[in-house]
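A quick write-up on the structure given underneath.
The values are calculated or read from the model by the stated rules, or taken from the named source; none is laboratory data. Here the structure is a predicted model, which means the values were calculated and not measured. Methodologically, a virtual Cβ is constructed for each residue, glycine included, from the backbone with ideal geometry; neighbour enumeration extends over all protein chains shown. Protein only, heavy atoms only, side chains kept; ligands, DNA and RNA dropped before computing areas. Shrake-Rupley method; radii C 1.70, N 1.55, O 1.52, S 1.80 Å.
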Amino acid sequence: MRKQTFWGGVHPAGRKELSSGAPLEPCPPPGEVAIPLLQHIGKPCTPLVKVGDHVDMGQKLGDGEGLCVPVHASVSGTVKAIEPWSHPGGRPCPAVIIENDFQNTYCSAVPPCEDTDALDADGLIQRIREAGLVGMGGATFPTDIKASIGKVETLIANACECEPYITADDALLCTDADRAIRGVRLLRQLLRPARTVIAIEDNKEKAVSILTDKLKNQSDVELVVLPTRYPQGAEKQLIQAITGHQVPSGGLPKDVGCAVFNIATCASVCRAVVDGEPILRRIVTVTGHGIQAPKNLIVPIGTSFAHAIQAAGGLTGEVWKLIAGGPMMGRTQADLTTPVTKGTNAIVALTAADNGEDPHPTCIRCGKCVAVCPMGLQPLYLYRFSRCQDREMLRHYSILDCIECGCCAYTCPGKLPIVAAIREGKPLVKEGKR
């Protein structure tokens, strides 16, 4: 075990106690699911089914080429519609609407394989892709593409889960650490690293104890326990904490010999390769002071937020904001019919007591946002030039290097909506590049 750190960062109240003690339990199956055809970074899938078709659980509903992975039916039933549907990302997206017949007839295109040592790299990659694997920490980058970069020096399994409120990965490790570790070893088989690390923050005592016990006589996988600090789980900050290397501006982890995978993604790699199971469900933390009974639920993909919230006792109190993901990097939702996707690790309901916004935000030029930015940027200028749509100055101040972690907005005494402004400014620079 080793304790290092990275530049900047903050220490927000964790609020993980709301759900960390809750046992992992299945969400009651919904009567209908809406499976978005876009659950990854890239273009939406092309539908492979039509209205009126009967589909089995595990059947491929859509696929495509390039930066795309397939999506699968999380229940068996009849396709009611293929139409635009609300999406956690904020913009409507084509989705396959399935009426659940509750028969759970199963048919997976990915065969199980117990003798994984006999698989070559192409065989592993093909199984990962056909199972529709993406980064399940929220980034949703296709796992097969990331795992195809070749040999790396350091493979990092990210179990930090540094966002406040979220305990999905913690619950996974406390109940199914063996599967997660086996998934790490399958990725190790692909990437052939000199060093393999599972990184976790020290505020997850039970998970740390379980991992320590399971890895104590192992030499191929190393456990690194890091001090709790946000955004420890961000890819570039985690690489710096583990290896001491900094990913260059505009660069990727492979530029410093690293590959980082979320621990839930690792567990899904095991399910895909060993069990032949595509991503049909995921662990979602339904929590916040606006939730009656916060829980860690195993939720079928395509389940509406409303149904998942009801499985956690429903809403309570004066709910101010509902967020997909954590309060630092998540996105506010306005529609409870929005479905759970592969990248949805939490649904957080905040109450009026959590409202820290100001109707008249003002920059007092204190520089606190600069001091906490883990990327070494100057958020006050990014905010200013985004508001006036100055593309050249946004490029000059490296807006595309911003990871949207929210440290600047969290620490701002003037309550500026800095991250929202940066999200508006990024498309200006990207469009200019094109």
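Table: residues versus (1) at pLDDT below 95; (2) touching a Lys or Arg at 6+ places or on another chain (Cβ under 9 Å); (3) crowded, with 20+ Cβ neighbours inside 10 Å.
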{"site": "LYS3", "(1), (2), (3)": "yes, no, no"}
{"site": "VAL49", "(1), (2), (3)": "no, yes, no"}
{"site": "LEU61", "(1), (2), (3)": "no, no, yes"}
{"site": "HIS72", "(1), (2), (3)": "no, yes, yes"}
For the stretch 203-226, the count of residues that are out of contact with any strand residue (DSSP E or B) (no Cβ under 7 Å at 6 or more places or on another chain) and in contact (Cβ under 8 Å) with a residue 24 or more places away in the chain equals 5
When the stretch 260-282 is checked residue by residue, the ones that are outside any helix (DSSP H, G or I), open to solvent by less than 20 Å² (accessible area, probe 1.4 Å) and touching a strand residue (DSSP E or B) at 6+ places or on another chain (Cβ under 9 Å) are VAL260, PHE261, PRO278, ILE279, LEU280, ARG282
Selection from the stretch 118-163 of residues modelled with pLDDT under 95, β-branched (Val, Ile, Thr) and in contact with a strand residue (DSSP E or B) (Cβ under 6 Å, 6 or more places away or on another chain) yields THR140
ask   = Is the stretch 286-295 home to any residue that is more than 22 Å from ILE347 (Cα to Cα), within 17 Å of the chain's Cα centre (by Cα) and open to solvent by less than 10 Å² (accessible area, probe 1.4 Å)?
value = no
In the stretch 325-347, anything open to solvent by less than 20 Å² (accessible area, probe 1.4 Å) and either touching a helix residue (DSSP H, G or I) at 6+ places or on another chain (Cβ under 9 Å) or free of Cβ contacts under 8 Å to residues at least 40 places away in the same chain (or both) is listed as THR338, PRO339, VAL340, LYS342, THR344, ALA346, ILE347
Flagged in the stretch 30-47 as open to solvent by 60 Å² or more (accessible area, probe 1.4 Å), touching a residue at least 60 places away in the same chain (Cβ under 8 Å) and either in a strand (DSSP E or B) or of a type in the set (Asp, Glu) (or both), in numbering order, are GLU32
Flagged in the stretch 8-29 as assigned to a strand (DSSP E or B), crowded, with 16+ Cβ neighbours inside 10 Å and over 19 Å from the mean Cα position of the chain (by Cα), in numbering order, are VAL10
Considering residues that are open to solvent by less than 50 Å² (accessible area, probe 1.4 Å) and closer than 26 Å to ALA409 by Cβ, the number found within the stretch 229-247 is 12
Within the stretch 212-228, the residues that are open to solvent by 50 Å² or more (accessible area, probe 1.4 Å) and in a strand (DSSP E or B) are GLU222
How many residues of the stretch 248-259 are open to solvent by less than 20 Å² (accessible area, probe 1.4 Å) and farther than 13 Å from LYS151 by Cα? The answer is 1
Picking from MET393, MET375, the residue that is more than 23 Å from PRO164 (Cβ to Cβ) and not polar (S, T, N, Q) would be MET393
Over the stretch 171-184, the set of residues out of contact with any strand residue (DSSP E or B) (no Cβ under 8 Å at 6 or more places or on another chain) and open to solvent by 10 Å² or more (accessible area, probe 1.4 Å) is ASP176, ASP178, ARG179, ARG182
Hey, LEU67 surrounded by fewer than 16 Cβ atoms within 10 Å (Cβ to Cβ) and in contact (Cβ under 8 Å) with a residue 24 or more places away in the chain or not: yes
